[in-house]
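Undergrad: Once you've had a glance at the structure underneath, I'll fire off some questions.
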Amino acid sequence: MDNDQEEQQKKQNPIDTTNDFINRTQNKYRNIKRERRVFKLIFRYLRTIITKESWATPVAGIVGLIIFIIILTVILTVGTGYPNTSALSCGGVCVTTCSSTETQDTSGTCNPDSSGTPQVCCIPQTTCEAISGNCRVSCYDYETPNTTAKCDLGGTVCCVPASSSSCDSDPAKYMKDTFNVVVETSVKSQLTTICNILSIPGKSALYTSLLKRGGPTNISFDSAPCGGRTLASGDIILHSFWSCGSAQNFVLIHETGHTIAIYNGGVSRSFTPNAYYPNDSSCYYYNGACDTTTKYFLKTYTGGCGGGGKPESFAESLSLYVIPRGALSNYKSQCPTGYNWEKNNIFGGYEF
Ligand SMILES: [Zn+2]
């Protein structure tokens, strides 16, 4: 029934039907055109951003400039450490002035501090302040700690070579320089022993001078029973010296007495034990078996006739002045004449 009615209307009004079709087609086309325009706008928007054309270029520049300023600020304030607290090329730290226990490392460079004051690179001291030595945890055998010198704060002390006035650093050199004595051994401990013994009477500048002036004096060793012998040249031969024990000091100093007598004829001739007997009578014993002019010998001398009473008493008196011993352990009070002669003529007033 409805189809019939429509067919009847189309037949009655054919124009209206055609207009409806046209209207529907136009509307459809209009919608398509509107959508294409939106897509075109979006496309153009994306294209301008991607290609940085038109207004996108200055915006990108501004954003880039802001980022650059931020990065630069970070580098300046954090990256290089401003103010710089560590040296750029040394192991120290940067401060305005180094402390008394630091040394300025001139090879290290530092930035100025925040106020613009130049800074220097400071490293712990490795050398003693104002003293020619090095800072060490412990000093070497032949160095002496100098407690008055400043070192770094790492528990080190200032170590200086032993003074040239001692046998510690180079005993051979010291003996050659001081006494003009050459000891024929390369054993350091032996050199030190001889040097230390010579340094006992060596406290007297006159003794040292009298021994030194005729040198060089060679000291050599042999294996004869403990004792010593001095040659006409003044050179000394020590017998089994390293087995002499506590007699070492006395033996060596006695022999240097002979050497001094040889080097200083005028001094030795002025030693006249015959004249000392009245005052120092208890100090001597008589050995009539000796074929010498002077047959009186100081009581501590046990070497037989030796070189005779006078030269042996000269050497013995010298050694007794330094090291009183045995029967003459109070040489100064027991034998005042001989003692005072030694004091004035060999030791220049120095007393031990
Ligand atoms: Zn002798």
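No lab work stands behind these numbers, since they all come straight from the coordinates. Since this is a predicted model, take the numbers as computed values, not measurements. Reconstructed Cβ throughout: ideal geometry from the backbone, glycine too, with neighbour counts over all protein chains shown.
Undergrad: What is the count of Lys pairs in segment 184-335 whose alpha carbons sit under 23 Å apart, if the two are 8 or more places apart or on different chains?
TA: 10
Undergrad: Related question: Would you please give the residues with an amide H less than 5 Å from that of Gly228, counting only those at least 5 places away or on a separate chain, with H modeled from the backbone geometry?
TA: It is His239, by chain and number.
Undergrad: Most exposed first by the Cβ proxy, i.e. fewest other Cβ within 10 Å, how do Glu351, Glu102 rank? All intermediate terms of the calculation are to be shown ahead of the outcome.
TA: Details: Glu351 12, Glu102 21.
Neighbour counts put them in this order, fewest first: Glu351, Glu102.
Undergrad: Same structure, new question: Using Cβ counts within 10 Å as a stand-in for footprinting exposure, how do Lys310, Lys299, Lys40 rank, fewest first? Kindly include the intermediate steps, with their values, before the conclusion.
TA: Numbers: Lys310 20, Lys299 16, Lys40 10.
So the ranking, lowest neighbour count to highest, is Lys40, Lys299, Lys310.
Undergrad: Using 0.36 nm per residue, how much length does the chain from Asn279 to Ala327 gain when fully extended, once their Cα-Cα distance is taken away?
TA: Details: separation 48, 0.36 × 48 = 17.28 nm, distance 1.66 nm.
Contour length minus the Cα-Cα distance gives 15.6 nm.
Undergrad: Expressed in nm to one decimal, what extension gain is obtained for the pair Asn218 and Ser186 from 0.36 nm per residue of sequence separation less their Cα-Cα distance? Write out the running numbers ahead of the final one.
TA: On the way: separation 32, 0.36 × 32 = 11.52 nm, distance 1.34 nm.
Contour length minus the Cα-Cα distance gives 10.2 nm.
Undergrad: Right, something else. Apply the Karplus curve 6.51 cos²θ - 1.76 cosθ + 1.60, θ = phi - 60°, to the phi angles in segment 305-316 and return the couplings in whole Hz, x for Gly and Pro.
TA: Each residue's phi maps through the Karplus curve to give 6, x, x, x, x, 6, x, 6, 6, 4, 5, 5 Hz.
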